[in-house]
Amino acid sequence: MSIEVGSKLQGKVTGITNFGAFVELPGGSTGLVHISEVADNYVKDINEHLKVGDEVEVKVINVEKDGKIGLSIKKAKERPPQQPTSRPSSQRPRNSGRQGGGYRDQREQETFEQKMNRFLKDSEDRLSSIKRNTESKRGGRGARRG
């Protein structure tokens, strides 16, 4: 049986490492499920999700010339199609649930030039504060002696 990118296969977990799990595929070949491809959420310890001997459904995500096979468990799961109009939670505005908006709304209305001027002023203020706190009257760098 040839293994092609995009195909879904049943496999058996044969080994677990700190970076992923090795899965034996039909035909005797072995592929790697990287820890980032085990579940949709962050996986700190792969042992919480898989054990040696588990039967898993995997999707082939790449086959390299040297024979290495990249697999994914999370891509093998059927998920309902997401709405194209909704944004991922990481791209939503932070104050989306708050009333009033306030300061953030004003900042979003600024032109590029206004944002750039505010950035330059903030940078200059921070830089002068750093210089004032790190340079002594005798010159050089370091904390003041007192």
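For the reader, a short list of remarks on this structure follows.
- Ranking 30, 134 by solvent-accessible area of protein heavy atoms (1.4 Å probe, all protein chains present), from largest to smallest, gives 30, 134.
- Most to least packed among 35-41, 127-133 [average Cβ atoms within 10 Å]: 35-41, 127-133
- Estimated FRET transfer efficiency when R0 is 41 angstrom, pair residue 131-residue 109 (beta carbons, to 0.05): 0.80
- Sequence-distant residues sharing a close amide H with residue 76 (under 5 Å, placed H): 59
- Distance between modelled label sites at residue 12 and residue 29, nm, 7 Å Cα→Cβ extension: 1.9
The values are calculated or read from the model by the stated rules, or taken from the named source; none is laboratory data. Here the structure is a predicted model, which is why all the values come from computation and not from measurement. Note: ideal-geometry Cβ built from the backbone for every residue, glycine included; neighbour counts use all protein chains shown. Quick note on the areas: whole protein, heavy atoms, side chains included, nothing else; ligands and nucleic acids left out. Shrake-Rupley method; radii C 1.70, N 1.55, O 1.52, S 1.80 Å.
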